[in-house]
Amino acid sequence: MIQWLGYLALVLIVFNGSFYVLFRIVRKSRNRKRQIRYAKIAKILMRVHRKTAVVAAVFATAHSMLALYRHGVNPESLTQLSGVLAMLALIVLLSTGWIRNQKATGRRKRSHRYTAFGALLVIGLHILISLY
C-alpha cells in the first residue's frame, strides 16, 4: 500500500513533467499546423496541471506518513533521508508553481522549470535508494 501511493504520486508527477516536452514541441516545431494542434492540446491539458500537482502532493504526503507510521523515524536510514529531501523538493516545486501562477514572468517560468527538473532528480534518487 505504501509503495503504491508513492507510485501513483510518481505517475502524476511524470505526467505533469511531460508538459515540458509538449511545450518544447510547440516552440520548436517548424510545421505551423503541428504547432497549432499541439498548442490546443497543451491548452486543454493545462486546465488539469495544477489539480494533478495537488493530487500528486496528497499521494506523496500519504506515502510519507504511512511509511513513517510503519517504520518509525530512523535518522540513519538513507531511504527516509532521501524521502524527506524529495518531499522538500516537492514543496518547493509546488511553491514555485503557485508563484508562477500569480504572475508569469520569465524568471518565474525558469525557476519553476529548473525546480521541476531538480525535484524529478531527487525523487529518482529516492526511488533508487529505496530499491536497495
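The values are calculated or read from the model by the stated rules, or taken from the named source; none is laboratory data. Everything numeric in this text was worked out from a predicted model, so none of it was measured. Glycine also receives a Cβ, built like all others from the backbone with ideal geometry; neighbour counts cover every protein chain displayed.
Observations, loosely collected:
- Any hit, the stretch 70-91, residues being surrounded by 15 or more Cβ atoms within 10 Å (Cβ to Cβ) and among the basic types (Lys, Arg): no
- Of residues in the stretch 104-132 being within 14 Å of the chain's Cα centre (by Cα) and over 20 Å from Leu81 (Cα atoms), the one surrounded by the fewest Cβ atoms within 10 Å (Cβ to Cβ): Tyr114
- Evaluation of Ser95 against (1) out of contact with any helix residue (DSSP H, G or I) (no Cβ under 7 Å at 6 or more places or on another chain); (2) over 21 Å from Gly124 (Cβ atoms); (3) of a type in the set (Gly, Ala, Ser) (one fails), failing number: (2)
- On the stretch given as the stretch 71-95, residues that are among the hydrophobic types (A, V, I, L, M, F, W, C) and not in a helix (DSSP H, G or I) total 1.
- Exclusive hit being of a type in the set (Gly, Ala, Ser) and under 23 Å from Lys109 (Cβ atoms), set Ala57, Ala9, Ala67, Ala62: Ala57
- For the condition more than 17 Å from Val122 (Cα to Cα) and touching a Ser or Thr at 6+ places or on another chain (Cβ under 6 Å), Gln35 qualifies.
- Residues that are surrounded by 15 or more Cβ atoms within 10 Å (Cβ to Cβ) and modelled with pLDDT under 90 do occur in the stretch 44-61, at least one of them.
- With respect to the conditions (1) assigned to a helix (DSSP H, G or I); (2) over 20 Å from Trp4 (Cβ atoms), Leu68 lacks only one, and its number is (2).
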